[in-house]
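A.B. asks: One structure is given below, represented as structure tokens, and several questions about it will come after.
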Amino acid sequence: MTAKFRRVFGDGKPLIAMVHLGALPGSPLFDDDAGVEGLVEAAGRDLDALCAAGFDAVMFGNENDRPYEFSVDTASSAAMAYVIGRLRARITVPFGVNVLWDPMSSIAVAAATGASFVREIFTGTYASDMGPWTPDAGKAMRYRDRLGRSDMPLLYNVSAEFAHSLDARPLAERARSAVFSSIPDAILVSGPITGEAAPMHHLESVKAALPAMPVLANTGVRHATVRDVLAVADGCIVGSALKVDGDTWNAVDADRAREFVALAKGR
């Protein structure tokens, strides 16, 4: 079950850095003056800094497309694919896609751009800021395979941000059940909101329940905590900690990105 994950990330504990795109066309915060070219330029600067810092992979996400949707505007998905396509030649590491919060759009954009992996909420039932949330892992995985990308790992976030699980089972039990029923390639554990850490006891309990499955910290990993997190988790996804002043909405700070990698890898 972990073969696809290891084929992309190798046998170590991958550090996956976020390339947060600016708000895309079709979303309320889209910058009409900067336009799509502005999105390409800003994402390109962040991408170059993250690749130079030594991250093992990057992931393109549309965190700025607030308010978030479960069925993403077609224009936003198309623009995201366009931006990634424009930057494709500059990507020197494996890359992933996450179109919040739409598994089908995430898989479509990943397939169109040649991405190596996808992150999303694929399982569970939640009360969320966006309304009732009931993703369909079976539909998403079958769509991936129909697009000819059965090789592409799906990273399952089992503790959705901006939401409360309506499933009363403990997180570790929900994660174990998702592995049995939905065939993920890795399990991700998140905090309550972008940039906020998952409690360590959540990471510990999920990893204890799934010793053979890659379990990654998905949010809120910081310079001061990354070594402790990686003592438990099999990797991490990081965004906010790499930004100017540690602010999610700022550009990547090249120095902070290099320092994070150095700390995580014990350099």
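A.B. asks: Of (1) 6, 20, 25, 23, 16, 8, 2, 0; (2) 7, 33, 40, 19, 1; (3) 7, 31, 35, 19, 6, 1, 0, which one was derived for P(r) over Cα pairs in 10 Å bins from 0, in percent from the structure shown?
C.D. replies: Only one option fits the structure, namely (2).
A.B. asks: Gap in Å between the Cα centre of segment 66-94 and the Cα centre of segment 223-267?
C.D. replies: 23
A.B. asks: Using modelled backbone amide H atoms (1.01 Å from N, in-plane), which distant-in-sequence or interchain residues come within less than 5 Å of residue 188's amide H?
C.D. replies: 156, 157, 158, 216
A.B. asks: Let me ask something else. On a C-alpha basis, how far is the centre of segment 8-62 from the centre of segment 164-185 in Å? Whole number, if you could?
C.D. replies: Using only Cα atoms, the two centres lie 29 Å from each other.
A.B. asks: Here's another thing I want to ask about it. So what is the 222 nm mean residue ellipticity for the chain from helices alone, if each DSSP H run of at least 4 adds -39500 (n - 2.57) and you divide by all residues, rounding to the nearest 500 deg cm²/dmol? Display every interim value, and only then the final one.
C.D. replies: Values: 9 runs with 99 residues, N = 267.
Helices in the chain give a 222 nm mean residue ellipticity of -11000 deg cm²/dmol.
A.B. asks: Another question, if that's okay. Sort the following peptides by mean Cβ neighbour count (other Cβ atoms within 10 Å, averaged over residues), highest first: 27-38, 240-251. Display every interim value, and only then the final one.
C.D. replies: Values: 27-38: 12.7, 240-251: 16.8.
Put in order of decreasing packing, that is 240-251, 27-38.
A.B. asks: Let me ask another. As a footprinting exposure proxy, order 113, 225 by other Cβ within 10 Å, with the fewest listed first. Walk me through the numbers on the way to the answer.
C.D. replies: Working: 113 19, 225 16.
The most exposed by this proxy come first: 225, 113.
Each value in this text was obtained by applying a stated rule to the coordinates, not by laboratory testing. Keep in mind the model is a prediction, meaning the values are calculated, not measured. Cβ: placed from backbone, ideal geometry, glycine included. Neighbour counts: every protein chain shown.
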